[in-house]
Every structure is written in structure tokens, then in C-alpha cells.
Amino acid sequence: MPDMSIPPVTPQDFGAEILRHLKHSLGKDESHAALYDWRMSLSLALRDRVVDPWFESTRKTYEARGKRVYYLSMEFLIGRLIEDVAINLGMEEVAQAALAELGQDYAKIVADEPDAALGNGGLGRLAACFMDSLSTLGIPAYGYGIRYEHGLFEQHFENGAQMETAETWLAQRHAWEFERPEVSYPIHFGGHVDEAEGSPVWHPEETVMASAYDTPVIGWQGRWANTLRLWSAKPITAFDLASFNRGDYMAASAPEALARTISRVLYPDDTTKTGKELRLKQEYFFTSASIQDLLRRFLSEGGDLAELADHVAIQLNDTHPAIAGPELVRLLMDEHGLDVARAISTARRCLAYTNHTLLPEALERWPEELFQSILPRHHRIIQLIEAAHLADSGSAVRIIEHGEVKMGELAFVMAHKVNGVSALHSDLVKETVFADLNRDYPGRIINQTNGITPRRWLYSCNPPLRALINETIGTAWPDDLQQLEGLSAHAGDAAFLDRFQAAKDANKARLADWLKARDGVVLDPAAMFDVQIKRIHEYKRQLMNLLETIALWNEIRENPNGDWTPRVKIFGGKAAPGYVVAKEIIHLINDTAKLINADPATRDLLQIVYPENYNVSMAEILIPAADLSEQISTAGKEASGTGNMKFALNGAPTIGTLDGANVEIRECVGAENFFLFGLTAAEVTARRAEPNYARRAVEASPRLARVLKQIESGVFSPSDKGRYSGLIQGLLDHDYFLVTCDFDSYFEAQRRVDTVFADQAAWTRMAALNTARVGWFSSDRTITGYARDIWTASSLIASRSSRKDVA
Ligand SMILES: *Cc1c(COP(=O)(O)O)cnc(C)c1O
């Protein structure tokens, strides 16, 4: 039952609300309205219905005087919002009917919305799922981030190579945000620190304003709404009139341009440390604004700073906001007069840090000189934090070392809890990156396995499966996903499995239609849809998938009358613009696709497709249509993965390694419903110590040797035969991610996939059991864990069981 705060509405009345916005907010007449006008009017009419529950949530939070959670994240990979909001408000059908009566196509309007792509991949998408769950669970929370003018770049292929263009989601008005010009804070950079009356004083050189934009985030059934507050950089003086009057128009706009640079673009890479001054400024910019904002809120409610940690929980999504520690200490000391020890202990009780990677190249470190020049006061405070840490814990781990400020160590030392994002990853965090700190602070590192919101990643993106689940186990599962277990009882029921397969087939047909309309590509919906979509990275091993594809092509050509299972290999994903090897892999996939797709001997059995510009909206079409989920990273490298959870939930069994959350997914779905292959994390480490392991693996595998030779000799790049010789030589010389070592095991696992897929009933049963058994991977479960183990934050809405009593 929706909350009383959302009055039910008829399609006629809602249509009138849309028309009111068309006229009064868009200034358009029905007869002249373009698709954009209809989309904005629909969005604003939906947004109106979010405002009351939003106010109500704020009021309850204020009254409860409890704890608020502040989720600081450099990235929020949100995607579209119309469908999401309509579904959470229980208004999907009303909106569809209202637009139909107005002669408009709801689906077309929904598809017109640009993705809010303020993130790179998993880390940013996790933050978006967490916001959804925080609202669904009724936990008072703010998400804090940056309102990038340009989100993640758009990807195009030119002759198979990736090209990037600027993304422009704000070229049109963003319907969901409320601008808050009155909420703004000065953010200082540079200058120097001196002493006045025995206290340090920071004399900054540059100041910009952080200005707030709020987007309400509505939870399931509209019971609660939190705020996503994104900061935009503005100049303190908009415009240099003196320069303008002199006729120097460039100089006149310089202050504005300089300030705005800070929130101009999302860094297109979260997997390498980008030692760029602008990036450090971005990090400090949004972190400082957020800390100032939460302190103001606390103090305006009459809070006593000694009790700050009873009211404030700050979660750092990776080290990007790790400057929150020193910033909070700075404000407590310099503006509120706490002594160092009290400031540090207060800050630590508020702060917690989530580690997302073990890849050494992704751990943030700043050259001390650069850091000191931009944040001189914080540099000194970090020295104080380090001294206290060394003295109190007896630790030998430095925060500043070899001329670098180490953000991971800083975040760790300033956090009362540090968490990894899957069971395996958390163990490796304890054993590797933070082994010493784990000894110095036993119990600080804990695990919170990632999750995904079932509202977007099943209910919204997979209407056929949603309907089948509703009919089979009722409608209470979207905020209690473990109820999907009830589907298991039907896994032996042929009629149920037929319907499960029919849902999958409908999604495959939808994907085929979409791809035909978008790219003119024709798919065979009877073929297996074998999908690998994620950022392109060597550790994720798209290359191994492609090598297997070529090996399969070779074998089909040799034995064209064999009993082959037709496959479509679907790739999707962007490479960081500066990541040369990843871009070579993209080029090779496209080159290979061109040749193989044109081969009349294999055309009906093997096809490669790689649609451009993978994003959240594309994931919502591809994942429900997938038969097979590729989760094939080198063991020990993928912290968790969340794509793996989305596929399993939508009934696509995994072919995968024992990496990240794959381990836990396999435990849930059962080993017999998961195609396991490859070295374990421990075996990977051992193998790397063996001399020449890659060349030896290739020598032992004629199948692999042949494929590598084909690529190297230019079979797939006839116009530029040497194009991939560097890539292949690299594989032979230093195959750090063990593509060669896992290849045979992967190829064999794929042939097991073929065999099971050929037995339609067995496959569908396996797929249905995947859906039934992955309810644990709801981000509601993850957030419940954070609230219990890290934040000690409570829900302010009635628990699910008591709601049921009422209903
Ligand atoms: C879920 C998701 C990711 C993360 O995928 P992984 O397979 O876990 O790397 C990245 N990008 C988008 C658009 C997603 O929806």
C-alpha cells in the first residue's frame, strides 16, 4: 500500500497535471509541444508527487534528532529517472494511461531522457543503488557529490577504434533537481599558513563557491525520500567588469571560467591514479562543501560538538573524499576551538571508509609538494594525524612517505571502520594493502558485500519477469528480495519454466528490435546471447573472451557440420581515453567482428556485436536479454563486481572465476548452476612467480597458439598487418592478468555451457534457480549491514513486518 502522503490519482487527473506543466512550466501549447516538452512536463508532474514525501521525511528526521548518514562519493552513475520515479511512486500505469489519452507514447518519452552519467562504472553505480536503498529503508541520508557539467564521455567507433566526445546532459534542463543558490560555501585553495596569537591561520590564494543542487531520491512505494546534494563550482566574483570596460572580454570572463573548471568534467578513469592538480581540487571541493554543510546542519539544530558522532555518520566511497578527515579536523580545530586530540577522535568516530580496489595503480597518492601547494593547512594537519596515529597505535605505517601523501592510509587511520566489498576482497584487504594497519588496528576492517537495487535491476528493466514473479510468489518481493527463494519450489514445474523462458525470449526480442533500430544489426534470437559488458580493462579480460571466440570460429570452420550451439557474443564498455592497451582491445574486437560476421561458413553460428556507448540505459536492455553472464576477471582483481549480480538476478547463469562476489554468488546459486573455471587468487600469485609462465601456457595450448598467431600475423587487420603485434607480444612477455594461463580452462567451460544450453529445459531451470537464489544481493541487505555494523543508524519508517500487519 502506498503511503497516505501520495494521494492516488486517476490518469485523467494526472494528464491534467502534465498539461498544466506543459503550459505553465514549459510555456508550450499542446499542438506545438515537442518530445522534450512532453518529457519535461511528465518529469515535473512526477517530481511534484515526490515533494510531499520528501518534506515529510525531512520533518521526521528533524523530529527524531537521530543519526543522519552522509554518503560522500565522487561518482553517482544514476541513469534515467522517469521510469524509476514512476515505479517507486506506484504510478507507472497511471503515467502510461495519462499519456496515451494525450496521444503520446510513454516509452518514447522515457527513452528520450539522457542518462545522468556522473560516474565511470561499478563504484558510481553502487552509490546510486545505495541512495535507492537508503530511501527504501527509510534511513535519513544525504548523498554528496559533484554536479559535473559533462558526465562520462560518449563513445563512438571510427573504423573500429574508440573515439570520445563530450557528454552534454545539462545542455537541456535537468528536470529532477532543485537549485539552491542560498546554500553555498567558500572553498579555498593554495596560499600559506602562518600563526596569529599562537594559532595557525590559512591565507588562501584562491577561493571558489560550492553551490548546491538537490535531487530528491524517492524510495519504494514513496514511503521515504532522501536528498542527493550535488555541488557546482561558481566564482566568488562572477565577472571582472573593469576588464570588460577596457574591452578585454577574455580577461573579463576569466574568474568565472577558472572556477567553473572544477565541476566541468568527470575524470574518465577510476582505475589509475591521475596525478592531476585539478582532480585533487575536485576532491577537496566537494568534500569540503559537504563537511561544511553537515556541520552547519548539526550546529543549527543546537548540537554539541562532543556529540557529533551520535548524529553524523560519514561514509567515504573509496579514497576520493579521504580529505574529509583532515578537513573535519581543520574545521573542529580552527573554527570551533577543539584541541588536536579531541578533533581527531571526534572526526574518527564519524568517519568510515570503503575500499574498492587492490590494484596498486589505483591507490591514490599525491606528490607531497603538489598537495602542500594546494592544501597547505591540510598538509600540516595530516602531519598531526600521522603523529597521533604513530604514537597511539605503535604503528610503523606512515601516511606521508617518500614524498607522497597516501590517501588509502589517511582514510584508514581516520576511519573507525574500513570495509571491503565482498568476502574475498575484504580478506585480501586484510592480507595485502592494509596488512600492517590491520595488525595495528585489529577489528577495524570488516566486510560488506555489495548489492544492487532490485527496483531498477529487475522490477523496472524486466517487465515480463516481474509479471511472472508477481503471479508466482506475490508482490512483496521488491523490498524483501529473499522472497525470490519462493520461486525455487517451481523449478521443477514445466509450465513455470516455459513461462520463465518466454520472459527471457521476450527480452531477447526486445534487444534484437532495439539493436536493429539503433545500429541496423540483425540478431538471431534463438542463438545464445553471451554478454560481457563492463569497463574495458586488462584485468577484466575481454581479450580472453575474444580469443575464445576466435578459437571457436576456427573450430566451426574446420567442422562446419558439427553440433554447434549458435552464439552471439555481445561486448559493451568504454576504455579510459588514455588507456592504450584497453583501446587496442576494443579495436581488435571490432576488427574481429568485421571479419567473422562476414564469414558465410560460420555466419549462422557465430556473431560478434559491440554496440557503442555502453551506459546504464543500455545495461537495462542487455542484461534481461542475456543468456550467459561473463565474469571472467583474474582471480583476486575484481573487488566485488555488481554486474555479476544484475545478470544472475535476471536469470543469466555465470561463466566465471572465483573472484569478487562471484564466490558468494556461486555459493548462493549452487556450484551446479555456475560455470566455474580458472586459477584461484592464491594460484594466480603462485603462477606469477614461475618463470616464463605465459610462453609455457601458449606452448602447451596449440589452440591458443594458433589464435595468437592469427592475430599477430594480421588476419583480422589485413590493411595494417602489424596492428596487434605489440598487444600479442605483451601477452607473451608479461601476461600479468594470466589470460594465457586460464585460456584452456575457459574454453572448456564454454563447451560445458554449450552442452547445457542445448538442453533447453535444463538451461531454463538453471536460469530460474539463479533468479530464485540471489535475493541476498539486494542493496537493501548491503545497506542494512552498513547501518548495523558501521553507522548504527536506524530506519524512521515502520519495519516491513509491521507494515504487513497494517496491510
Ligand atoms: C553495473 C554497472 C557497471 C559495473 O559492472 P561490473 O561488471 O561490476 O564491472 C558498470 N557500468 C554500468 C553502466 C553498470 O550498470
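For the subset of the range 433-450 comprising residues that are assigned to a loop (DSSP other than H, G, I, E, B) and touching a Gly at 6+ places or on another chain (Cβ under 9 Å), which member is nearest to the ligand (Cβ to nearest atom)? Even if it seems obvious, please write down each step before you answer.
Restricting attention to the range 433-450, the residues satisfying the condition of being assigned to a loop (DSSP other than H, G, I, E, B) are 433-434, 441-444, 448-450.
Filter once more, keeping what is touching a Gly at 6+ places or on another chain (Cβ under 9 Å): 433-434, 448-450.
Numbers: 433: 20, 434: 23, 448: 16, 449: 13, 450: 8 Å.
The residue in question is 450.
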Handout entry: Lone qualifier among 43, 73 - being open to solvent by less than 60 Å² (accessible area, probe 1.4 Å) and in contact with a Gly (Cβ under 9 Å, 6 or more places away or on another chain)
Key = 73
Practice task
Quickly run through the range 612-635 and pick out the residues that are within 9 Å of the ligand (Cβ to nearest atom), under 19 Å from residue 78 (Cβ atoms) and not aliphatic (A, V, I, L, M).
Solution key: 614, 615, 617, 620
Completion exercise
With criteria (1) open to solvent by 10 Å² or more (accessible area, probe 1.4 Å); (2) polar (S, T, N, Q); (3) in contact (Cβ under 8 Å) with a residue 60 or more places away in the chain; (4) not in a helix (DSSP H, G or I), residue 717 comes up short on (1)
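Would you be able to say whether some residue in the range 129-138 is within 16 Å of the ligand (Cβ to nearest atom), hydroxyl-bearing (Ser, Thr, Tyr), open to solvent by less than 10 Å² (accessible area, probe 1.4 Å) and out of contact with any Lys or Arg (no Cβ under 9 Å at 6 or more places or on another chain)? First the steps, then the outcome.
Let us first name the residues in the range 129-138 that are within 16 Å of the ligand (Cβ to nearest atom), namely 129-133.
Now drop any that are not hydroxyl-bearing (Ser, Thr, Tyr), which leaves 133.
Retained after the next criterion (residues that are open to solvent by less than 10 Å² (accessible area, probe 1.4 Å)): 133.
Now drop any that are not out of contact with any Lys or Arg (no Cβ under 9 Å at 6 or more places or on another chain), which leaves none.
Taking every residue of the range 129-138 in turn, none turns out to be within 16 Å of the ligand (Cβ to nearest atom), hydroxyl-bearing (Ser, Thr, Tyr), open to solvent by less than 10 Å² (accessible area, probe 1.4 Å) and out of contact with any Lys or Arg (no Cβ under 9 Å at 6 or more places or on another chain).
Of 118, 126, which residue is within 16 Å of the ligand (Cβ to nearest atom), under 19 Å from residue 231 (Cα atoms) and open to solvent by less than 40 Å² (accessible area, probe 1.4 Å)? Give the steps one after another, and end with the answer.
Working: 126 fails: under 19 Å from residue 231 (Cα atoms).
Unique residue meeting the criteria: 118.
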Fill in the blank from the handout: Picking from 283, 335, the residue that is open to solvent by 10 Å² or more (accessible area, probe 1.4 Å) and at pLDDT 95 or above would be 335
Problem - Residue, farthest from residue 54 (Cα to Cα), within the range 140-179, restricted to residues that are of a type in the set (D, E, K, R) and open to solvent by 60 Å² or more (accessible area, probe 1.4 Å) - result: 158
Exercise for the section: Output yes when any residue across the range 738-745 is modelled with pLDDT of 95 or more and closer than 22 Å to residue 501 by Cα, and no when none is. Expected result: no
Fill in the blank from the handout: When the range 57-83 is checked residue by residue, the ones that are of a type in the set (A, V, I, L, M) and not in a strand (DSSP E or B) are 64, 74, 81, 82
Problem - Residues located in the range 504-521, provided they are surrounded by 16 or more Cβ atoms within 10 Å (Cβ to Cβ) and of a type in the set (Lys, Arg) - result: 504, 508, 510
Practice task
Of the conditions (1) in contact with a helix residue (DSSP H, G or I) (Cβ under 8 Å, 6 or more places away or on another chain); (2) touching a residue at least 24 places away in the same chain (Cβ under 8 Å); (3) over 30 Å from residue 467 (Cβ atoms), residue 749 clears all except one; give me its number.
Solution key: (1)
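Give me a count of the residues in the range 426-471 that are closer than 25 Å to residue 89 by Cβ and of a type outside the set (Lys, Arg).
Narrowing the range 426-471 to residues closer than 25 Å to residue 89 by Cβ: 451-471.
Applying the additional criterion that residues be of a type outside the set (Lys, Arg) yields 451-454, 457-465, 467-471.
Counting residues in the range 426-471 that are closer than 25 Å to residue 89 by Cβ and of a type outside the set (Lys, Arg) gives 18.
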Problem - Selection status of residue 306, in contact (Cβ under 8 Å) with a residue 24 or more places away in the chain and buried (at least 24 other Cβ atoms within 10 Å of the Cβ) - result: no
Exercise for the section: Specify which of the listed residues (107, 95, 86, 100) is more than 29 Å from the chain's Cα centre (by Cα), more than 16 Å from the ligand (Cβ to nearest atom) and part of a helix (DSSP H, G or I). Expected result: 100
Exercise for the section: Considering only the range 538-570, state which residues are open to solvent by 10 Å² or more (accessible area, probe 1.4 Å) and either in contact with a Ser or Thr (Cβ under 7 Å, 6 or more places away or on another chain) or within 16 Å of the ligand (Cβ to nearest atom) (or both). Expected result: 538, 539, 540, 543, 553, 557
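Go through 369, 404 for me and flag whichever is in contact with a Pro (Cβ under 9 Å, 6 or more places away or on another chain) and surrounded by fewer than 20 Cβ atoms within 10 Å (Cβ to Cβ). Write out each step before concluding.
Values: 369 fails: in contact with a Pro (Cβ under 9 Å, 6 or more places away or on another chain).
On inspection, the qualifying residue turns out to be 404.
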Practice task
Please verify whether the range 394-414 includes one or more residues that are under 30 Å from residue 538 (Cα atoms), of a type in the set (Val, Ile, Thr) and without any contact (Cβ under 8 Å) to a residue 24 or more places away in the chain.
Solution key: yes
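Listed here are the residues, each with its yes/no results for (1) away from the ligand (no atom under 16 Å from the Cβ); (2) open to solvent by less than 30 Å² (accessible area, probe 1.4 Å).
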position	(1), (2)
53	yes, yes
65	yes, no
69	yes, yes
77	no, yes
Exercise for the section: Looking only at the range 583-592, decide whether some residue is buried (at least 23 other Cβ atoms within 10 Å of the Cβ), hydroxyl-bearing (Ser, Thr, Tyr) and more than 16 Å from the ligand (Cβ to nearest atom). Expected result: yes
Practice task
Inspect the range 669-684 for any residue being crowded, with 16+ Cβ neighbours inside 10 Å and among the small types (Gly, Ala, Ser) and give the result as yes or no.
Solution key: yes
Problem - Lone unmet requirement of (1) assigned to a loop (DSSP other than H, G, I, E, B); (2) surrounded by fewer than 16 Cβ atoms within 10 Å (Cβ to Cβ); (3) touching a residue at least 60 places away in the same chain (Cβ under 8 Å) for residue 36 - result: (1)
Handout entry: Test: residue in the range 769-785 that is within 24 Å of residue 541 (Cβ to Cβ), of a type in the set (Lys, Arg) and in a helix (DSSP H, G or I)
Key = no
Problem - Of the criteria (1) closer than 27 Å to residue 755 by Cβ; (2) in contact with a helix residue (DSSP H, G or I) (Cβ under 8 Å, 6 or more places away or on another chain); (3) polar (S, T, N, Q), which one residue 717 fails - result: (1)
Practice task
Given the conditions (1) crowded, with 23+ Cβ neighbours inside 10 Å; (2) more than 16 Å from the ligand (Cβ to nearest atom), report the number of the one that residue 577 does not fulfil.
Solution key: (1)
Exercise for the section: Would you be able to say whether some residue in the range 16-36 is at pLDDT 95 or above and within 28 Å of the chain's Cα centre (by Cα)? Expected result: yes
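A quick yes/no check of all residues on (1) surrounded by fewer than 18 Cβ atoms within 10 Å (Cβ to Cβ); (2) touching a Phe, Trp or Tyr at 6+ places or on another chain (Cβ under 6 Å); (3) of a type in the set (Gly, Ala, Ser); (4) under 29 Å from residue 456 (Cβ atoms):
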position	(1), (2), (3), (4)
723	no, no, no, no
740	no, no, no, no
755	yes, no, no, no
770	no, no, no, yes
Practice task
For residues that are over 25 Å from the mean Cα position of the chain (by Cα) and under 23 Å from residue 778 (Cα atoms), tally how many sit in the range 505-537.
Solution key: 0
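The values are calculated or read from the model by the stated rules, or taken from the named source; none is laboratory data. Quick caveat: nothing in here was measured; it's all calculated off a predicted structure. As a convention, Cβ positions derive from the backbone with ideal geometry for all residues, glycine included, and neighbour counts pool all protein chains shown. The area values use the complete protein model at the heavy-atom level, side chains included, leaving out ligands, DNA and RNA. Shrake-Rupley method; radii C 1.70, N 1.55, O 1.52, S 1.80 Å.
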